[in-house]
Each structure stands twice: as C-alpha cells, then as structure tokens.
Amino acid sequence: MHDEELRKAVAEIEWWHTIDLGRGIVTPGKDNSPEKLRFLRIPERLDDRSVLDIGAWDGFFSFEAERRGAARVLATDSFAWEGTNVGSKEGFELARRALSSKVEDRHIDPTELSPEAIGTFDVVLFLGVLYHLRDPLGVLERVASVTAPGGLCIVETFVDLLHVRQPAAAFYPFGELNDDPTNWFGFNPAGAEAALRAVGFSRVERVGVARDAGGSVRRLLTAVGMAAARSKRRDRPVLAPLERGRLVLHAYK
Ligand SMILES: C[S@@+](CC[C@H](N)C(=O)[O-])C[C@H]1O[C@@H](n2cnc3c(N)ncnc32)[C@H](O)[C@@H]1O
C-alpha cells in the first residue's frame with residue numbers, strides 16, 4: 001500500500017487507538033495508547049510467550065506484544081468489532097496490514113472464553129473491559145481459565161470508591177457512569193484485587209492507581225468544577241473525580 005493510499009484509508013476510519021504505522025503515519029485515536037502503555041508495565045520482552053488480548057479493538061496492545069517478541073498473539077473482540085455498537089474492526093485490519101503483522105484474530109465475546117474455545121496463554125491482557133461487564137466475576141473466571149498455570153494476567157480498569165478500604169464496587173444500572181449504558185460496575189482497588197483472587201489467581205500486585213483528579217491542583221479543581229456543573233443537571237456526586245480513576249493489576253495464576 002502506498003503512503004497516500006494508507007493515509008486516505010486511515011482518515012476514513014474512526015479510531016480508538018493511537019497507533020504509529022510508520023512512514024510518519026499515526027492513527028488519530030481517542031485513546032492515548034502510548035501513555036496507557038507506560039502505565040501497564042507490560043514486561044519489556046515477551047519472547048517465547050503466547051499473548052491473548054481480550055477486547056483488542058484496533059489492536060494497539062496486540063501489535064505492541066508482537067513488537068516485544070511474543071511467539072504468538074491472539075487478538076479477540078466482539079462488541080467493537082461488530083461495527084454496530086461503537087467502532088469497528090476496520091482499524092485492526094488496516095493496522096495489521098500496514099504493520100505486516102502476524103497477530104491472529106478471533107471474534108469471540110468475553111462471556112464465551114474458555115480453554116476449549118481458544119486454549120491458554122502465558123500473558124493475558126484484559127484492558128478497559130472489566131467495568132463494561134454485567135457479570136464481572138463470571139467473566140473473570142473465564143479470563144482465569146485461559147491464563148496458563150504460572151501465567152500473568154494484566155488488568156487495567158476504571159475504579160470507583162477510592163476512599164473505601166475494604167473490597168467494594170459501585171453499581172451503575174442505568175448509565176450513571178458517563179451516560180454510557182455499557183458501564184456496569186466500578187470496583188475499588190481492594191475489590192478488583194479480591195475478585196481476581198476469588199477466581200483463582202494466586203498473587204495479585206497493585207501496579208498503579210491514577211485518580212481522575214490527580215496530577216495537579218489545577219486538574220483537580222477543573223475536574224470538581226465539571227462534576228459540579230453536571231450535578232446541577234442530574235443527580236451526580238460533585239466529589240466523584242476524587243473517588244474515581246484507573247487501576248492496573250498484575251495477577252499471577
Ligand atoms: C474501552 S475499550 C478498551 C479497548 C482496549 N482493550 C484498550 O484498553 O484500549 C473496551 C473494549 O471492551 C470490549 N467489550 C467487551 N465486552 C463489552 C461489553 N459488554 N460492552 C462494551 N464493550 C465490551 C469492546 O469491544 C472494546 O474493545
């Protein structure tokens with residue numbers, strides 16, 4: 001594919017991931033994927049390891065695993081790849097072609113994952129999916145089942161109730177989180193850790209927590225100000241930005 005042809009094809013797609021395709025072409029994703037990558041602490045080298053990326057969407061993390069030397073990478077998705085909800089599979093297909101990647105793909109929902117269906121993997125990426133699930137524990141059981149003995153599962157997720165120390169989860173039955181009906185539960189960090197232990201991971205490491213309102217006083221004030229404006233229109237907690245953020249866990253089978 002010539003540069004101009006690739007540029008045109010990239011411009012026609014609604015991207016989630018920001019992927020450097022080389023030749024000076026970077027996909028205009030909503031997600032700051034390189035920044036998220038730093039937060040995840042994926043092992044620098046993945047040589048000889050098999051990697052499963054659940055909810056891969058445009059595939060940034062699958063292609064990164066391949067770049068880090070993984071022997072085999074399987075990207076799976078359903079919701080985004082269907083093309084009728086949010087996004088499509090076009091970005092994944094185009095990026096795979098542009099990168100001459102050998103990442104495999106399988107259209108399968110997280111609720112259907114099993115060793116019989118896809119096998120087991122040394123490293124499992126479960127990024128940005130947990131809070132979208134109606135049955136988070138049931139799906140985490142499936143995620144554990146496709147993580148090989150001694151394997152590593154990297155979980156990145158939205159978190160809520162950061163002030164609560166004991167395991168807990170917030171419930172958003174009617175789109176209370178960002179008016180998005182696909183958001184169901186916001187575990188707190190202790191809750192997410194406990195859920196991973198409950199489904200059979202033997203050790204869970206807390207790699208990072210980033211508060212929505214973290215970083216600077218200005219960012220905090222902006223976040224609280226925006227929440228206050230929204231709370232006038234709907235029943236929203238003004239201090240939610242202090243309670244919410246993102247979490248990364250490394251869970252070992
Ligand atoms: C926020 S995106 C995260 C994409 C990618 N893993 C990342 O971290 O950038 C959520 C992903 O979860 C998938 N997903 C799986 N089950 C879902 C569901 N029930 N509702 C919404 N998204 C779901 C979507 O297709 C999408 O790929």
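The values are calculated or read from the model by the stated rules, or taken from the named source; none is laboratory data. Everything quoted here is computed from the prediction, not taken from an experiment. Counting neighbours? That spans all protein chains shown, and the Cβs are built from the backbone with ideal geometry, glycine included. Ligands, DNA and RNA are excluded from the accessible area calculation, which covers all protein heavy atoms including side chains. Shrake-Rupley method; radii C 1.70, N 1.55, O 1.52, S 1.80 Å.
Mind computing the radius of gyration and Dmax over the alpha-carbon atoms of segment 48-106? Å is fine for both.
Cα radius of gyration and Dmax of segment 48-106 are 10.9, 36 Å respectively.
Label-point separation (nm) for LYS102 and ALA198, each offset 7 Å from Cα along Cα-to-Cβ?
Distance between the two pseudo-spin positions: 4.1 nm.
Calculate one ³J(HN,Hα) per residue across segment 26-33 by plugging θ = phi - 60° into the Karplus curve 6.51 cos²θ - 1.76 cosθ + 1.60, and present them in order as whole Hz with x for glycine and proline.
So the Karplus estimates, Gly and Pro as x, are 10, 6, x, x, 6, 8, 7, 5 Hz.
Calculated from DSSP H runs of 4 or more alone, at -39500 (n - 2.57) each and per residue, what is the 222 nm mean residue ellipticity of the chain, nearest 500?
-8500 deg cm²/dmol
In 5 Å bins starting at 0, how do the alpha-carbon pair distances of the chain split up by percent?
1, 6, 13, 17, 18, 17, 13, 9, 5, 2, 0, 0
Quick one: grab the alpha carbon gyration tensor of segment 157-203, order the square roots of its eigenvalues as a ≥ b ≥ c, and give me rounded if a/c is under 1.5, else prolate or oblate depending on whether a/b is larger than b/c.
Here segment 157-203 falls in the prolate category.
When the Debye formula is applied to the Cα atoms of segment 90-158, each taken as the same point scatterer, what base-10 log of I(q)/I(0) results at q = 0.23 Å⁻¹?
Relative scattering, expressed as log10 I(q)/I(0), comes to -1.10.
Just how many % of Cα pairs in segment 96-220 lie over 24 Å apart, if you round to the nearest whole percent? Write out the running numbers ahead of the final one.
On the way: 2787 of 7750 pairs.
It works out to 36 percent of all Cα pairs.
About its Cα centre, how strong a charge dipole does the chain have in debye, to the nearest 20, once Lys and Arg get +1 and Asp and Glu get -1 at the Cβ?
Dipole magnitude for the chain comes out near 1040 debye.
Leaving out ligands, DNA and RNA, and with a 1.4 Å probe, what % of the accessible surface on the chain is carbon or sulfur?
51
If you count only protein heavy atoms and use a 1.4 Å probe, how large is the accessible surface of ASP179, to the nearest 10 Å²?
90
Once the whole set of protein chains is in place, how much accessible area is left on THR27, using a 1.4 Å probe, in Å² to the nearest 10?
Taking all protein chains as shown, THR27 has close to 0 Å².
Write out the trypsin sites (Lys or Arg not before Pro) in segment 108-180 meeting two conditions: DSSP loop, and at most 14 other Cβ atoms within 10 Å of their Cβ.
Details: sites: ARG134, ARG142, ARG165; in loops: ARG134, ARG165.
Within segment 108-180, the qualifying trypsin sites (Lys or Arg not before Pro) (loop, at most 14 other Cβ atoms within 10 Å) are ARG134, ARG165.
With a 1.4 Å probe and all protein chains left in place, how much accessible area per residue does the chain have, in Å²?
Per-residue accessible area for the chain comes out at 50 Å².
Kindly provide the trypsin sites (Lys or Arg not before Pro) of segment 39-124 that DSSP labels as loop, not H, G, I, E or B, and whose Cβ sees at most 14 other Cβ atoms within 10 Å.
Values: sites: ARG41, ARG45, ARG49, ARG67, ARG68, ARG72, LYS89, ARG96, ARG97, LYS102, ARG106; in loops: ARG41, ARG45, ARG49, ARG68, LYS89, LYS102.
For trypsin sites (Lys or Arg not before Pro) across segment 39-124 that sit outside H, G, I, E and B with at most 14 neighbouring Cβ atoms in 10 Å, the list reads ARG41, ARG45, LYS102.
So how exposed is MET1, as accessible area in Å² (1.4 Å probe, rounded to 10)?
90
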